[in-house]
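One structure below.
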Amino acid sequence: MTDRAVHPTHEIGAIADGVDVESLLLADAKGARRDRIMAFVAPVVGVVGFLAAWQLLVDLFDVERFVLPAPIDIFRHLAGDPGFYVDNAKTTMWEAFLGFAIAMVLALVAATVMAHSRFAERAGLPLAVLIQVTPIIAYAPAVVVWLGFGLKPIIVITTLVCFVPFLINAIAGLRSVDPNLLELARSVDAPRRVIFWRLRLPSSMPFLFSAARIAVGLALIGAVLGEFFAGTTSGLGYAVKTAQARPIQLLDQLWASIFVLGFIGATATLLIAGLERITLHWHQSTRH
């Protein structure tokens, strides 16, 4: 008795005949929709649960309002004077955006040079790391002394704290180009400009978005810290500073400013994540 050989393609075909492809596609679509819903619902549940636990803690243990005000009181204060926080939030967001954008552009320029030159990287990267590891609160007053009061020192401080995350990620991204594609482009004498725009920059986009998610929080920190030192009379940093000077009278202003800053940071992070999904829909990092 001889065994009959079965061709692998026949086995694959037999398996495929028993699979309902349409059902698989429908299940995959439902799973993707469920993931999108959960991506929205889970953070909301987490925040609401945290605020509910906070409120319960204050009510059950009768915590002094000076020590920790209840969330409901903070929201009432916000609802009572929304214009004050909207105006100050606009100022801080503009400062944070300018520093964020300038840092991204400067980092991309510097990273382009460093990605092409190991010497430039070895000479410049330690200086960038030195800026990053030095506490910003230590040299922020010096920036104000150099540039005076007003918007300029705030922008410089914000730019400095955002610069290094963009720089390091941009260098890694610009060097992540597929070597085969790079060799092909060079073999046809493609100009460096074309290689940058068609290969290096698209390859670096996932890295830049990762840096942006980090830098958006740093931009708010830099803007608020700059407002503390730069002698401004507007912005959420100024609101926190004035409330700190009169904590009993302006306790609600202090906590409301903190809430607004947290909301701005969370919203900006979500916007960046959404923009990443739209821009990098082709990349595997946005498929989950």
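The values are calculated or read from the model by the stated rules, or taken from the named source; none is laboratory data. Just so you know, these numbers come straight off a predicted model, no measurement behind them. Here Cβ is always computed from backbone atoms with ideal geometry, including for glycine, and neighbour counts include all displayed protein chains.
Residue check, Gly150 against (1) at positive phi; (2) small (Gly, Ala, Ser); (3) crowded, with 22+ Cβ neighbours inside 10 Å, all met but one. Which one? Checking Gly150 against (1) at positive phi; (2) small (Gly, Ala, Ser); (3) crowded, with 22+ Cβ neighbours inside 10 Å, the one that fails is (3). The set of residues in segment 161-198 that are of a type in the set (A, V, I, L, M) and either modelled with pLDDT of 90 or more or part of a loop (DSSP other than H, G, I, E, B) (or both) comprises Val161, Val164, Leu167, Ile168, Ala170, Ile171, Ala172, Leu174, Val177, Val188, Ala190. Residues in segment 111-141 that are in contact (Cβ under 8 Å) with a residue 60 or more places away in the chain and surrounded by 15 or more Cβ atoms within 10 Å (Cβ to Cβ): Ala111, Thr112, Ala115, Ile136, Ala140.
Every condition in (1) more than 16 Å from the chain's Cα centre (by Cα); (2) surrounded by fewer than 20 Cβ atoms within 10 Å (Cβ to Cβ) is met by Val144 except one, and the failing one is (2). Sub-6 Å Cβ pairs linking a first residue in segment 251-263 that is closer than 15 Å to Glu64 by Cβ to a second residue that is of a type in the set (D, E, K, R), at least 6 apart or interchain, number zero. Residues in segment 133-151 include at least one that is farther than 19 Å from Phe229 by Cα, assigned to a helix (DSSP H, G or I) and either small (Gly, Ala, Ser) or assigned by TED's automatic domain parsing to the domain that holds Phe229 (or both).
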